[in-house]
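Notes for the one structure printed next.
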Amino acid sequence: MTVYSFSLVLNGVNSEMPKLEDQLYEAGCDDALVCFYGRTVYLVFDRESESFRQAVLSAIQQIESLVGCRVKSVDAGGYVGVSDIAERSGLTKQSISLLKEGKRGKGDFPSPLYRLSGKQPLWQWSEIAEWLSNYDKLPQNLAQNAELVNDLNLALQLREPSVKKKVDVLLDELNT
C-alpha cells in the first residue's frame, strides 16, 4: 500500500459547524487534517490505499456520508503558473520559462489557458504533467493522478443539476 496526499474542498459545511472534526473522524477521515480558509473547510489527507483513485474516491464517499456535506473539488491545483510548475516538477523556474518560450526542448510546450495577456498565464496542470511525463521530467503515475484530479473536478461540477443543465445547453449549441 502507498500513502497518497491530496486535499478536498467541502461544500455544505463551514468553520462554525459544531463538532465538525468529530463527525469527519467518525465518518472515517481520521487520516485528514481539517483546515479552514475563512469559513471554507478543506481536508488535507495522507491516505494509505492501493491506488490514488481509490484513496480519493473513498475519502469523498466518507465525507459525503455526513448529512449536507459534499465535496466541491479535489486539490486546488488545477491551474498552475510557472512557479507552481517548477515546484511540482522539481525543475527551476528558469528552466520552465525556457521550455515555455521554446528556447529549450522541441518548442512544443503546452499553451496556457488563462491570463494570456497578463504577466502570469495559467496552464492546466494535467496537460503540463502529461507533457513533462512524456519527456521523462515527471513520473508517469503523477501525470495520471493529475488527469484523474482534473476528471474528478469536472465530474464534481457536472453532478450539480443546475451546472449540468447549463453545460448541456452549451454543448448542444456548440455541436450545431
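Got a number for residues in segment 152-175 being of a type in the set (A, V, I, L, M, F, W, C), surrounded by 12 or more Cβ atoms within 10 Å (Cβ to Cβ) and either free of Cβ contacts under 8 Å to residues at least 40 places away in the same chain or outside any helix (DSSP H, G or I) (or both)?
Residues meeting the conditions: 4.
Residue check: is K100 of a type in the set (K, R), at pLDDT 95 or above and under 16 Å from A129 (Cα atoms)?
no
Given the conditions (1) of a type in the set (S, T, N, Q); (2) within 14 Å of the chain's Cα centre (by Cα); (3) part of a loop (DSSP other than H, G, I, E, B), and given that S111 satisfies all but one, which numbered condition is not satisfied?
Failing condition for S111: (2).
Tell me the residue from Q54, Q94, Q62 that is of a type outside the set (S, T, Y), in a helix (DSSP H, G or I) and either within 21 Å of Q140 (Cα to Cα) or in contact (Cβ under 8 Å) with a residue 40 or more places away in the chain (or both), please.
Of the residues listed, the single one that is of a type outside the set (S, T, Y), in a helix (DSSP H, G or I) and either within 21 Å of Q140 (Cα to Cα) or in contact (Cβ under 8 Å) with a residue 40 or more places away in the chain (or both) is Q54.
Of the residues S83, S117, which single one is assigned to a helix (DSSP H, G or I), free of Cβ contacts under 8 Å to residues at least 12 places away in the same chain, of a type in the set (S, T, Y) and not assigned by TED's automatic domain parsing to the domain that holds C29?
After ruling out the rest, the residue left standing is S83.
Listed here are the residues, each with its yes/no results for (1) among the polar types (S, T, N, Q); (2) under 20 Å from Y4 (Cα atoms).
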{"site": "F52", "(1), (2)": "no, yes"}
{"site": "V56", "(1), (2)": "no, yes"}
{"site": "V67", "(1), (2)": "no, no"}
{"site": "S83", "(1), (2)": "yes, no"}
{"site": "A86", "(1), (2)": "no, no"}
{"site": "L99", "(1), (2)": "no, no"}
{"site": "G102", "(1), (2)": "no, no"}
{"site": "G105", "(1), (2)": "no, no"}
{"site": "F109", "(1), (2)": "no, no"}
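The values are calculated or read from the model by the stated rules, or taken from the named source; none is laboratory data. Nothing here was measured: the structure is a model prediction, and the numbers come from that model. Note that each Cβ is placed from the backbone with ideal geometry, even for glycine, and that neighbours are counted across all protein chains shown.
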